[in-house]
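Visitor: Quick one: structure below, then a few questions.
Each reported figure results from applying straightforward, stated rules to the coordinates on display, with no laboratory input. Everything quoted here is computed from the prediction, not taken from an experiment. Neighbour counts are summed over all protein chains in view; Cβ atoms, including those assigned to glycine, are modelled from backbone coordinates with ideal geometry.
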Amino acid sequence: MNWAHAHLVLTHIPVIGVGAILAFLLVGVIRGSREIEWASLQLFVALALVSIAVYLSGSPANHQVRDLPGFSRSVIHRHSTAADFAFWSLAALGTLSLGALYLYRTSMAVPPKVIVLLFFVGFVVLLLMGVDGKPGREDSSSGNWRCDPCATNVKNLRRLNICLSRYVIPGRQKFC
């Protein structure tokens, strides 16, 4: 496995994680369960820490594929810019969650205003992560599939995996 493969695998963790944790937090609010709310906040903190690995794997992946035929530097740049916003917003969500866990550690529950704030920030993070993946969907939706580091659907990910194997692994045929 190389950096491009690792980045593709790791990028799905925060995207799916934020949506799942938001749903988990909503269940906690509806049920009035302090335990589920606390678990959700702890998961936001853990996800923010995991996103560091995702963010740091992006630059080596970029350097590995940016000069390959069929890769667009402008798409990679747009993805990188969107990833910066998504990463820092997820870091803010993790920091806010950690702060709430610390401040309300002795109370019966986290105040509803804080939960609404965290839910709102989490939703914004989810939207930013959708924008982060958008360049890949734009380039691959035309039917003329190209090697694209931001391919998001399963069919294109399989093609990208084949493409990266052909380009990046030495001794393989170099076409896409």
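Visitor: Compute the distance in nm between two label points, each set 7 Å from the Cα along the Cα-to-Cβ direction, one at SER107 and one at PHE85.
Guide: Result for the modelled spin labels: 3.2 nm.
Visitor: So how do TYR104, TYR55 line up by other beta-carbon neighbours within 10 Å, fewest first?
Guide: TYR104, TYR55
Visitor: While we're on this one: Around ALA109, what is the net charge, scoring Lys/Arg as +1 and Asp/Glu as -1 over all other residues with Cβ under 11 Å from its Cβ?
Guide: Around ALA109, the surrounding residues sum to -1.
Visitor: When the dipole is taken about the Cα centre of the stretch 28-103, and only Lys, Arg (+1) and Asp, Glu (-1) are charged at their Cβ, what size is it in debye, to the nearest 20?
Guide: My answer is approximately 140 debye.
Visitor: Additional query: Figure the gain on full extension for LEU49 and HIS63 (residue separation times 0.36 nm, minus the Cα-Cα span) and round it to one decimal in nm.
Guide: 2.7 nm
Visitor: What are the extents of the Cα atoms of the stretch 1-130 along their three principal axes, listed from largest to smallest and rounded to whole Å?
Guide: 57, 23, 21
Visitor: How much length is gained if the chain between ALA39 and ALA6 is pulled fully straight, taking 0.36 nm per residue apart and subtracting their Cα-Cα distance, in nm to one decimal?
Guide: Full extension of this stretch gives 9.1 nm more.
Visitor: Turning to a different aspect of this structure: Can you give the extra length, in nm with one decimal, that the chain gains between VAL116 and LEU98 once fully stretched, where that is 0.36 nm per residue apart less the Cα-Cα distance?
Guide: Contour length minus Cα-Cα distance gives 4.9 nm.
Visitor: Where does each of ARG78, ARG105 land when they are ranked from fewest to most other beta-carbon atoms within 10 angstrom?
Guide: ARG105, ARG78
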